[in-house]
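The values are calculated or read from the model by the stated rules, or taken from the named source; none is laboratory data. All values derive from a computational prediction rather than experimental measurement. So basically every Cβ, Gly included, is an ideal-geometry build from the backbone, and we count neighbours across all protein chains shown.
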Amino acid sequence: MDSLDAFIQQLPQIVPESWCFDCRICCRFPDSEKAQTPVWSGREAAWVNESAHRLPTPLKLKPVPGLPVFTPQLNPCSHSGGFHCSAFEESSKKCLIHSIKPLDCRLYPFVMTRHPSGSEPLLAIDMKCPYIQASMKEPAMAAYIHTLINYLEQTVAADYFSSNPAVVGDWWPEYLPVAWIQSASSALPLPAVSVPEGLQPVLNSDLPLIRKAEADSAENHLSGGTVDAWIPWTDLISLYWMKKPDGLFVFARQAGGFFMPFPPLAETLSPPILNEAWVQLNRLNSGNAVSRIEGVSEQQKSLFEKAGFSLRASESDYCYLRSDLADLSGDRYHSHRGMINQASKMIGEYRFRPLTPGDFNSCAELYWRWAADSYLKHPEQDETHRMIRDSFFFHQRLLKAPTAEDWVAYGLEADGKLLGYTIGRPLSDELFCIYTEMTDRTIPGLSALIFREFCRTQNQFTWINTMGDSGLEGLKQSKESYHPARMIPCWTAYKKF
Ligand code: SF4
C-alpha cells in the first residue's frame, strides 16, 4: 500500500455503523441525473472494480464525461421512489464495498465542495445526515472536525486533490461550511473571474491607494463606509474600483448586479462626481434597476438630493459613549452587571488578550458550535441557514487573512480555553467600530463580559459604533438596552428611471 492508498484508507470516520443501518438518507438519491453521487478517482475506481465481481449484484461505474473520474451507477429503489448506489444493498442497508470505499464515500457526511461564489475549496457538512443533526453539538464532533481538518491538510491530500480536482463537488443548499482546506486551495486554481471593462478588482496592493482616498474624503462614521469593512465579504461579493480625475469609485458585485457600498471618494464631493458614479453604475448594470449607492451619511444627504437622487433610509448604526460601556455604572446598567457577574462566577479567573494566529482553530471551533446551535434552533429556516453560511466566510476571512493593520482582535480565555472573541477597527480618531463577536453560548452573560472588556481596551476612543440590528427584534432590544448615545443614520441613494 503506498502513501496515497494509505491516506484514503486511513480516513477516520465518526458515524457509527448502527446509525447507518437505520438511515434512510445515505447512498440514496432522489434523481438519477442531478444527484449528489460520489465521485471517485480512476485509482479508486480500479480498487472498486477489483472487488466488484464478488458482489451479489453487479456494480457498474460510469465515467464522468470529460473528466478522469467515475461515479457509481444508480439503480431504482424497490420500495420507494428514487435511486440507490449499486453498491448499496437495500435489504441489509449496507455498503457492500464498505472496507474499500473511496475517499468521497468515507468522508460523507462531510464533503469537499466549493461555494457558488467560486471561492476556495472547503470542507462542508451535509445537514441531511440524521447522525450529524443528533450529535453536531457534542464535544466529540468538534474534536473529530479538528482531526479531519488536519487529515485533509496533509501533503498527500494536496497531491490527491491536484490529481483529481473533480472530487471537489458542487455546492448544495443543505451544506454547512466547516473550514477552508488549504491543501485543496493550493492544488486547485481559482476559477477565472471576468473583470468588467474600466474596472480593476480590489487587490491587497490597491488598498493603500483606496485608504488614502478615504482619508482625503470627509470622515465617514458608518460601519460600512470603508473598503476595509467590505473586504471580509469578498467570498460572497466581488469588489472593484475605478479612478476618475476628481474621485475614486468602489463598486461591489453580487448575484443581482452592481452597487456602490459607499459614496464616491473625493476631496470635494460634488453633484457631477455623483452623477458620473451613477452613469458608471448604470453602464455596469445595463440599465437594470438594481443600481444604488449605499452608505450615504446624514451630512451627504442634501448633496445627493441636489444631484437629483432619491434617498431611502437604511439601517442606522448604534453609537455609544465608550466610557458608558466600559464602566456600566448606575441603575440603567444594573442587569448588565448582573449578567457579567453570572459569567464571571461560572468561568472564574480569565484573561482578555489579543488573538494570535495560534488561536485560529479555537476560533473555528467556536464558530462551529455557534453554527450548530443556530442551525438546530431553526432547522427549517432558510434565512437562518444563509446567515450561518455568510458568517462562516466573514469570520474565516477576518480571522485568517487580516485585511488591514488596524483590525483589532481580542479573545477571552479561561482555564486555558478560548471562550469567545471579538473584532473591530477604528473609523476615526474618536470612533471605534465593533464588527463581530463569537462566544460560547453555554455561558450566560459571557457576551456582555466580552463586550465590556473590549470597550475597556479601546480607551483612546470616545465613541463605540456597534453597527445596526439587521431588523432583528432580539438584537434591537439588546443594543437599545445599552443606551446608545445616538444613532448614526444611513441612506441609500438611487435615481428613478
Ligand atoms: S459506494 Fe457505498 S458508501 Fe458510497 S454511495 Fe455506494 S453504497 Fe454508499
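Close contacts from region 157-183, counting a first residue that is in the same structural domain as Val39 (by TED's automatic domain parsing) and within 11 Å of Ala124 (Cβ to Cβ) and a second that is at pLDDT below 85 and loosely packed, with under 15 Cβ neighbours inside 10 Å, with Cβ to Cβ under 7 Å and a gap of 6+ residues or different chains, come to Trp171/Pro116. Of all residues in region 184-205, those being assigned to a helix (DSSP H, G or I) and either buried (at least 16 other Cβ atoms within 10 Å of the Cβ) or in contact (Cβ under 8 Å) with a residue 60 or more places away in the chain (or both) number 4.
Within region 83-124, being outside any strand (DSSP E or B) and more than 15 Å from the ligand (Cβ to nearest atom) holds for Arg114, His115, Pro116, Ser117, Gly118, Ser119, Glu120, Pro121.
Checking the conditions here, which among Glu349, Glu365 is in a loop (DSSP other than H, G, I, E, B), out of contact with any His (no Cβ under 6 Å at 6 or more places or on another chain), of a type outside the set (Val, Ile, Thr) and farther than 24 Å from Phe432 by Cβ? It is Glu349. Please work out if Pro208 is under 27 Å from Ser270 (Cα atoms), assigned to a loop (DSSP other than H, G, I, E, B) and either at pLDDT 85 or above or out of contact with any Asp or Glu (no Cβ under 6 Å at 6 or more places or on another chain) (or both). In short, no. Residues that are more than 16 Å from the ligand (Cβ to nearest atom) and under 22 Å from the mean Cα position of the chain (by Cα) occur at least once in region 152-159.
The test for being among the charged types (D, E, K, R), under 25 Å from Ala157 (Cβ atoms) and surrounded by fewer than 16 Cβ atoms within 10 Å (Cβ to Cβ) holds for Asp2. From the list Gly338, Gly295, the one residue that fits, being of a type in the set (Gly, Ala, Ser), assigned to a strand (DSSP E or B) and closer than 30 Å to His395 by Cβ, is Gly295.
The residues on offer are Leu366, Leu281, and the sole one that is out of contact with any Cys (no Cβ under 7 Å at 6 or more places or on another chain) and in the same structural domain as Phe251 (by TED's automatic domain parsing) is Leu281.
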